[in-house]
Each structure stands twice: as C-alpha cells, then as structure tokens.
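Colleague: Below you will find the structure I want to go over with you.
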C-alpha cells in the first residue's frame, strides 16, 4: 500500500490501494502475493480473461508494425477488419462502425450522429435527446447530461444540458407503483408521453441502456418493452440508441444484449468488453440509413477523437472478438450466467437485507434493503453496498458497489457482479459463498446498530 508515497491523483483519496502485480484468467495478484477473484472484470471490462496468449500475440504483432496513425490521415487493415467483424456480429443492418476510445466518447458520438442525421435530412429542428432516470451513459458532460443518475449529476448540474428523462423499466421499484404485467408497460409508454410533450418535430433520439449497468446493475426490461419502444420511435421518427457499453459484446449471453428482444436499434454503443481491457477502444455501430444519409448528403461527419480507430486498439479488439467467437464464449456467458443467477437466488434469497436479485448472463445485480417487505432502502450514510464490497475484497473476491440512489435518487444500495465469461462453476461457488458471508456480516452490523439506537 502506498497511499501517501506516490504522486497519483486517485479517484478515492481516502483509500489505500494494493499494488497490482499480475493477472491471469479470472484472477489478479497484488505485490504482496495475495490472489483475488475478479468477479467484476474490473469495471465490467474483462470478458475473455486476463493474459490470453492470442490477444497478447496480436498486440505485439501490430505494435512492431505501427501502433498509431491518425484516423483522419490513414485507415488500417485492423480497423477495416474489426468493422467488418462487428457488422457481422451485430443484428440487422447495423453495418457501419465509428471507432472511439471508450464508452463516454461513444455516447457523445451517438448523440452527435443523431443531430447530424437530421441536419442532413433537412430537419434541423429535431435535436432533443430523451433518456431514462437511473441510467448511466458516461462521465463527459454530454454523456452525463443524458445520464439519469442523480448522485453522479449533482455536483456538475450547472454544466449539464437540458436532456429529458423518463421512467426506467425498474419493475422492483416501479415509478408508477404498478406491477408487471398489469402495468400495461407504463414505463415504455412514458416515452411516447415525453415525445408528445416536447414535440415530435424536436425530438431526435432516445438513448437507453439495454440491460442496467452502473446505476441499476442487472435491470431487465420486460419482454415487450423494447418492441414497444421501437414502435414508438418509428412512429415519431426518433432514432433508437442502445447503450451496450457494459452489457454488450456477449456479456448477457447473446451477441448484443438487444438480441434478447429481437429488435434492431439505429445505433449500438459498445466499449469495455470489446477490448476486454487489453487496450482502450469503443465503437458506435450504425444502421445503413444513418450512414447513407450522411454519406449521400454532405459526405462528412464533423466529429472525431485523437485516438479513435488507432491500429493497435483495433488489432486488440479484432483479436478479442475473434477469440470470443472461436471459443463460443457468448454461449458460455449464457450458461455460466444462468448458474450464477441460480446460485445467488438460492443462497442469498433468505438473507434479511437482500431484496432484488436480477440480471442476464454475466451481468447481475443484488439489491440491499432495510426491509424486504416494503423494500425500504438502507440509509445512504451507512454505505451498505460499499461495506459489502470491502468485506468481499478482504476475503479476496472483487465485486462492485453500484453508484447509488436506486431507490429514490439518493438512497439505495445495489451490488454489481460481472465476472469474465471464462469463470468456472467452482469460482462461481466461491464468489457466492464469499458474498453471502459478507452480506450476512453487514446485515448483522446494521441490525446491531439499529438496536443500539432503539
């Protein structure tokens, strides 16, 4: 630990971080030799596992030829091949790819593409973007404006744009106080209400996470949700942008998470799992109509980033995607995800502070509550999810605490579990048993504290 003896400006200045030494498969070792089960793939990044020889070889092969060439001056075989591979991987006619360096850049790119699309169509009045409360789309100001995470937005409110937000498909905490299926999909219909309120002639796009990520991990919309959303978007000429930065590239057990709903959006934003952490990369995959409107119009998209489409990152992305397909890791994510979700429900369902357990594939959320009957959240000051994360970390298992505010924008605790696709049943069992011990410990501490106040 060198909390005070280096020059790094850390994200959390109150923590003492262990120094990482190496990683392999689903495990990470620090400099003291302690081994950790990486049950979150870092920040839901690592899909294929650490230190895969095929990817390291691809990195070296590309690096010895050329690492960087400016995308406005050159293309590369790596970029062209990865675009073709992604077009084949994605559904429908999502056949063109704009490369960036990460998820926030991807969101910014998708928003600007929506604007450019309608400018090219001679509809300059269509510029507004609608998103959802409890959603998260990135840390840059445009992406944060689209995000509906109150706590992440709070400090930067004066800088944020006036994006409109609708209710999420959060059945455990329905904004309308209803239950599925008698709710009539009020959350999806809220999109139509917002479009009509703002004026269809002004709304350009609806951006949404397909499966909940950083804010409400594992939030799964009902089966009819995205078909109805697609229908509403088509009715009012609104582009549908699916943010799959966390849930894409096979993590939910399908190529793209939206494949579970058999819907083709107008754009898919992906990142994290596309490189599995070997090099920063992100991508916006767009439908032919979006590409062709711009290519047959002005022929230019006034936007770009310094490292977008660089040969090294694209070579990594290509090697990762080919490794996923060659080793059938999408199916493995589905199979191991079913096992993980089943084990979590079996082992945690009777713990007093465990509420919702939901997810798809290897993206699962566990919600912690003060009272299971009325789903009362644990007060934010107690930091319940962070306490569980710390207890797991001490035991050598890494899980994530969601960004908070799931219940009412401020209070709410949800754990995020998203191991690499190559995790085996034995490590799933270790993960679940460790999590159970940690949740039990924190629950007992919470109960003791409550009795002390009585």
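Colleague: Suppose we filter region 339-356 for residues that are free of Cβ contacts under 8 Å to residues at least 40 places away in the same chain and either on the phi > 0 side of the Ramachandran plot or outside any loop (DSSP other than H, G, I, E, B) (or both); how many remain? Spell out how you get there, then give the answer.
Modeller: As a first pass, look at region 339-356 and keep what is free of Cβ contacts under 8 Å to residues at least 40 places away in the same chain: 341-342, 345-346, 349-350.
In the following step, the residues that additionally are either on the phi > 0 side of the Ramachandran plot or outside any loop (DSSP other than H, G, I, E, B) (or both) were identified as 341-342, 345-346.
Summing the residues that are free of Cβ contacts under 8 Å to residues at least 40 places away in the same chain and either on the phi > 0 side of the Ramachandran plot or outside any loop (DSSP other than H, G, I, E, B) (or both) in region 339-356 gives 4.
Colleague: Would you point out which residue out of 357, 398 is surrounded by fewer than 24 Cβ atoms within 10 Å (Cβ to Cβ), at pLDDT 95 or above, within 21 Å of residue 175 (Cβ to Cβ) and in contact with a helix residue (DSSP H, G or I) (Cβ under 8 Å, 6 or more places away or on another chain)?
Modeller: Of 357, 398, the one residue that is surrounded by fewer than 24 Cβ atoms within 10 Å (Cβ to Cβ), at pLDDT 95 or above, within 21 Å of residue 175 (Cβ to Cβ) and in contact with a helix residue (DSSP H, G or I) (Cβ under 8 Å, 6 or more places away or on another chain) is 357.
Colleague: Taking region 164-185 on its own, how many of its residues are free of Cβ contacts under 8 Å to residues at least 40 places away in the same chain and either crowded, with 17+ Cβ neighbours inside 10 Å or within 15 Å of residue 131 (Cα to Cα) (or both)?
Modeller: Adding up the residues that qualify gives 5.
Colleague: Please state which of the following conditions residue 11 fails to meet, knowing it meets all the rest: (1) in a helix (DSSP H, G or I); (2) at pLDDT below 95.
Modeller: (1)
Colleague: Determine, yes or no, whether residue 43 is in the same structural domain as residue 423 (by TED's automatic domain parsing), in contact with a strand residue (DSSP E or B) (Cβ under 9 Å, 6 or more places away or on another chain) and either assigned to a loop (DSSP other than H, G, I, E, B) or closer than 24 Å to residue 306 by Cα (or both). Give the derivation first.
Modeller: Details: in the same structural domain as residue 423 (by TED's automatic domain parsing): yes; in contact with a strand residue (DSSP E or B) (Cβ under 9 Å, 6 or more places away or on another chain): yes; either assigned to a loop (DSSP other than H, G, I, E, B) or closer than 24 Å to residue 306 by Cα (or both): yes.
When the stated conditions are applied, residue 43 passes them.
Colleague: Any residue at all in region 371-389 that's assigned to a strand (DSSP E or B) and either without any contact (Cβ under 8 Å) to a residue 12 or more places away in the chain or over 30 Å from residue 260 (Cα atoms) (or both)? Don't jump to the end; show me each part of the working.
Modeller: Our first condition is that a residue be assigned to a strand (DSSP E or B); within region 371-389, this holds for 371, 376.
Within this subset, residues satisfying the condition of being either without any contact (Cβ under 8 Å) to a residue 12 or more places away in the chain or over 30 Å from residue 260 (Cα atoms) (or both) are 371, 376.
Looking for residues that are assigned to a strand (DSSP E or B) and either without any contact (Cβ under 8 Å) to a residue 12 or more places away in the chain or over 30 Å from residue 260 (Cα atoms) (or both), one finds at least one in region 371-389, hence yes.
This table checks each residue for (1) buried (at least 24 other Cβ atoms within 10 Å of the Cβ); (2) touching a strand residue (DSSP E or B) at 6+ places or on another chain (Cβ under 7 Å); (3) closer than 15 Å to residue 251 by Cα; (4) in the same structural domain as residue 40 (by TED's automatic domain parsing).
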position	(1), (2), (3), (4)
311	no, no, no, no
320	yes, no, yes, no
334	no, no, yes, yes
339	no, no, yes, yes
353	no, yes, no, yes
363	yes, no, yes, yes
379	no, no, no, yes
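Colleague: Regarding residue 270, is this residue touching a strand residue (DSSP E or B) at 6+ places or on another chain (Cβ under 6 Å), in contact (Cβ under 8 Å) with a residue 24 or more places away in the chain and assigned by TED's automatic domain parsing to the domain that holds residue 313?
Modeller: Working: touching a strand residue (DSSP E or B) at 6+ places or on another chain (Cβ under 6 Å): yes; in contact (Cβ under 8 Å) with a residue 24 or more places away in the chain: yes; assigned by TED's automatic domain parsing to the domain that holds residue 313: yes.
It is true that residue 270 is touching a strand residue (DSSP E or B) at 6+ places or on another chain (Cβ under 6 Å), in contact (Cβ under 8 Å) with a residue 24 or more places away in the chain and assigned by TED's automatic domain parsing to the domain that holds residue 313.
Rundown of residues vs (1) touching a strand residue (DSSP E or B) at 6+ places or on another chain (Cβ under 9 Å); (2) in contact (Cβ under 8 Å) with a residue 12 or more places away in the chain, yes/no style:
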position: 6; (1), (2): no, no
position: 24; (1), (2): yes, yes
position: 38; (1), (2): yes, yes
position: 54; (1), (2): no, yes
position: 70; (1), (2): no, yes
position: 75; (1), (2): no, yes
position: 82; (1), (2): yes, yes
position: 92; (1), (2): yes, yes
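Colleague: Does residue 139 qualify as being closer than 29 Å to residue 414 by Cβ and not in a helix (DSSP H, G or I)?
Modeller: Numbers: closer than 29 Å to residue 414 by Cβ: yes; not in a helix (DSSP H, G or I): yes.
Against the criterion (closer than 29 Å to residue 414 by Cβ and not in a helix (DSSP H, G or I)), residue 139 qualifies.
Colleague: Something else: Starting from region 102-113, keep only residues that are assigned by TED's automatic domain parsing to the domain that holds residue 283, then list their pairs with residues that are assigned to a helix (DSSP H, G or I) and surrounded by fewer than 23 Cβ atoms within 10 Å (Cβ to Cβ) whose Cβ atoms are within a distance under 6 Å, requiring at least 6 positions of separation or different chains.
Modeller: 108/142; 111/142
Colleague: Pick from 282, 253: which is on the phi > 0 side of the Ramachandran plot, touching a residue at least 60 places away in the same chain (Cβ under 8 Å) and in the same structural domain as residue 319 (by TED's automatic domain parsing)? So that I can check it myself, show each step before the final result.
Modeller: Working: 282 fails: on the phi > 0 side of the Ramachandran plot.
The conditions single out 253.
Colleague: Whether any residue in region 104-117 is over 21 Å from residue 271 (Cβ atoms) and buried (at least 22 other Cβ atoms within 10 Å of the Cβ) is what I want to check.
Modeller: Looking through region 104-117, at least one residue is over 21 Å from residue 271 (Cβ atoms) and buried (at least 22 other Cβ atoms within 10 Å of the Cβ).
Colleague: Also, quick follow-up: If I filter region 78-88 down to residues being surrounded by fewer than 20 Cβ atoms within 10 Å (Cβ to Cβ) and touching a helix residue (DSSP H, G or I) at 6+ places or on another chain (Cβ under 8 Å), which single residue comes out as nearest to residue 251 (Cα to Cα)? It would help to see each step written out before you state the result.
Modeller: Kept after step one, since they are surrounded by fewer than 20 Cβ atoms within 10 Å (Cβ to Cβ), are these residues of region 78-88: 80-81, 84-85, 87-88.
Checking which are touching a helix residue (DSSP H, G or I) at 6+ places or on another chain (Cβ under 8 Å) leaves us with 81, 85.
On the way: 81: 22, 85: 17 Å.
The extreme case among them is 85.
Colleague: Also, quick follow-up: Taking the condition part of a helix (DSSP H, G or I) and either in the same structural domain as residue 261 (by TED's automatic domain parsing) or crowded, with 22+ Cβ neighbours inside 10 Å (or both), does residue 131 pass? So that I can check it myself, show each step before the final result.
Modeller: Working: part of a helix (DSSP H, G or I): no; either in the same structural domain as residue 261 (by TED's automatic domain parsing) or crowded, with 22+ Cβ neighbours inside 10 Å (or both): yes.
Criteria not met by residue 131.
Colleague: Condition test on residue 228, is it assigned by TED's automatic domain parsing to the domain that holds residue 106, touching a helix residue (DSSP H, G or I) at 6+ places or on another chain (Cβ under 8 Å) and buried (at least 24 other Cβ atoms within 10 Å of the Cβ)? Spell out the reasoning first.
Modeller: Numbers: assigned by TED's automatic domain parsing to the domain that holds residue 106: yes; touching a helix residue (DSSP H, G or I) at 6+ places or on another chain (Cβ under 8 Å): yes; buried (at least 24 other Cβ atoms within 10 Å of the Cβ): no.
Spelling it out, it is not the case that residue 228 is assigned by TED's automatic domain parsing to the domain that holds residue 106, touching a helix residue (DSSP H, G or I) at 6+ places or on another chain (Cβ under 8 Å) and buried (at least 24 other Cβ atoms within 10 Å of the Cβ).
Colleague: Given the conditions (1) touching a helix residue (DSSP H, G or I) at 6+ places or on another chain (Cβ under 7 Å); (2) more than 23 Å from residue 237 (Cα to Cα); (3) touching a residue at least 60 places away in the same chain (Cβ under 8 Å); (4) in a loop (DSSP other than H, G, I, E, B), which single one is not true for residue 304?
Modeller: Answer for residue 304: the failing condition is (1).
The values are calculated or read from the model by the stated rules, or taken from the named source; none is laboratory data. Just so it is clear, the structure is predicted and the values come from calculations on it, not from any experiment. So basically every Cβ, Gly included, is an ideal-geometry build from the backbone, and we count neighbours across all protein chains shown.
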